[in-house]
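*Asks:* Right, I'll just put the structure down here and ask away after.
The values are calculated or read from the model by the stated rules, or taken from the named source; none is laboratory data. Source: prediction; values computed, not measured. Neighbour counts run over all protein chains shown; Cβ positions are idealised from the backbone, glycine included.
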Amino acid sequence: MATTETISSNYAGEAASRYFSAVLKEPTSIVNGGVDLMDGIRYKWNLPRVNLSGLIADSTCDFTDVGTITRNERVLTVEEFEVNTKLCKSNYRPTFDKMAASAHAGLASEFANYLVSLVGAEVAESRENTIWQGAAATEGEFNGFEALFTSEALQPTGYEIAGTTLTKANIVAELEKVIDAASSALFSKESFAIRISTAAYKFYIQAQAALGAYDAFNERRAGLTFQGVPLIHCSGLSDDVMFATYAENLWYGVGSAGDAQRVDVIDQSPLDGSNNVNVVMKWADGVVCANPEDVITYGITNAGN
């Protein structure tokens, strides 16, 4: 499908030196530690899993080996994606006066830089949402964690918590359900944390502000914890979904971190004589959970366990 350009301009002869766009979500799950990043994956990355059980026995004079060692792997497979869009320089030349008068001149450097940052931000928002809500059947997406945990056989049924519509009135009670579900071993993990959506994030702040909370949530943004457990804001999560686990269990992989940060703006005038500029970005990414046995989900129905 060809790129569609919709041009609206009130240009009246003054130079356009600054450019604005709607606020785009940043990849908060990576920045905040909601998921861990692995780059340089050519196609598949194997995460080895080693589980031990029954190792301890009463002492004897002999060496009697006991116990069970189970080794297997989880696989993160990256899928290739791209941005290919085209715009006509003539549609922007009247507004950006640093473009030369020639019909074959390039884009103004400020506008070219703006395009690069805008495309990069658009991709970052897309990947944040895809990490959690992605569906492989949708163009430009892979199956995110929410889709993967609808059919995850290794997740204990006790770690699958039925959800409801979150509000500031019930957010505390619903978070308590997540805490209550955690086993002693999982809860005791040093990096155990609950990943929450933007909606849940706002509801929790509102609930704490209403409770007083030393005015921390009325006058400033305080660090979020719930009964001593960190809350990690992941803007790509669905509004009424939560994930609880420790660090280095939920992984986001890319073919190369450099690929995910490069946008090419290619002037076509010297190549094919047209007055177009192509904007190109290519990358590969995907997600995997290392140990689904240690993930509590809220608001997801798992038909696989």
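*Asks:* Scan region 167-178 and report the pairs whose first residue is in contact (Cβ under 8 Å) with a residue 24 or more places away in the chain and whose second residue is assigned to a helix (DSSP H, G or I) and surrounded by fewer than 17 Cβ atoms within 10 Å (Cβ to Cβ), with Cβ atoms within less than 7 Å and a gap of 6+ or a chain change.
*Replies:* The qualifying pairs are K168/Q206.
*Asks:* I'd like the residue in region 28-84 that is of a type in the set (S, T, N, Q) and under 19 Å from the mean Cα position of the chain (by Cα) and, out of all such residues, is modelled with the lowest pLDDT.
*Replies:* It comes out as T28.
*Asks:* Those residues that are β-branched (V, I, T) and at pLDDT 90 or above, I need them from region 244-269; list them, please.
*Replies:* Once the filter is applied, which keeps residues that are β-branched (V, I, T) and at pLDDT 90 or above, region 244-269 yields only T245.
*Asks:* Answer with yes or no whether A112 is at pLDDT below 85 and within 27 Å of D239 (Cβ to Cβ).
*Replies:* For A112, the condition - at pLDDT below 85 and within 27 Å of D239 (Cβ to Cβ) - is not met.
*Asks:* Same structure again: Which of the residues belonging to region 33-65 are outside any strand (DSSP E or B), of a type outside the set (D, E) and surrounded by 10 or more Cβ atoms within 10 Å (Cβ to Cβ)?
*Replies:* Selection gives G33, G34, V35, G40, I41, Y43, L55, A57.
*Asks:* Checking the condition assigned to a helix (DSSP H, G or I), surrounded by fewer than 18 Cβ atoms within 10 Å (Cβ to Cβ) and in contact (Cβ under 8 Å) with a residue 24 or more places away in the chain, which residue from E146, E122 passes?
*Replies:* Sole residue among the options that is assigned to a helix (DSSP H, G or I), surrounded by fewer than 18 Cβ atoms within 10 Å (Cβ to Cβ) and in contact (Cβ under 8 Å) with a residue 24 or more places away in the chain: E122.
*Asks:* Go through region 187-206 and count every residue that is farther than 19 Å from C234 by Cβ and either at pLDDT below 95 or in a helix (DSSP H, G or I) (or both).
*Replies:* 2
Every residue, every condition in (1) at pLDDT below 85; (2) surrounded by fewer than 17 Cβ atoms within 10 Å (Cβ to Cβ), yes or no:
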residue: F217; (1), (2): yes, no
residue: R220; (1), (2): yes, yes
residue: G228; (1), (2): no, yes
residue: I232; (1), (2): no, no
residue: D239; (1), (2): no, yes
residue: V280; (1), (2): no, yes
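*Asks:* Pull up region 224-246, narrow it to residues that are of a type in the set (F, W, Y) and in contact (Cβ under 8 Å) with a residue 60 or more places away in the chain, then point me to the one that is farthest from T165 (Cα to Cα).
*Replies:* Per the criteria, the residue is Y246.
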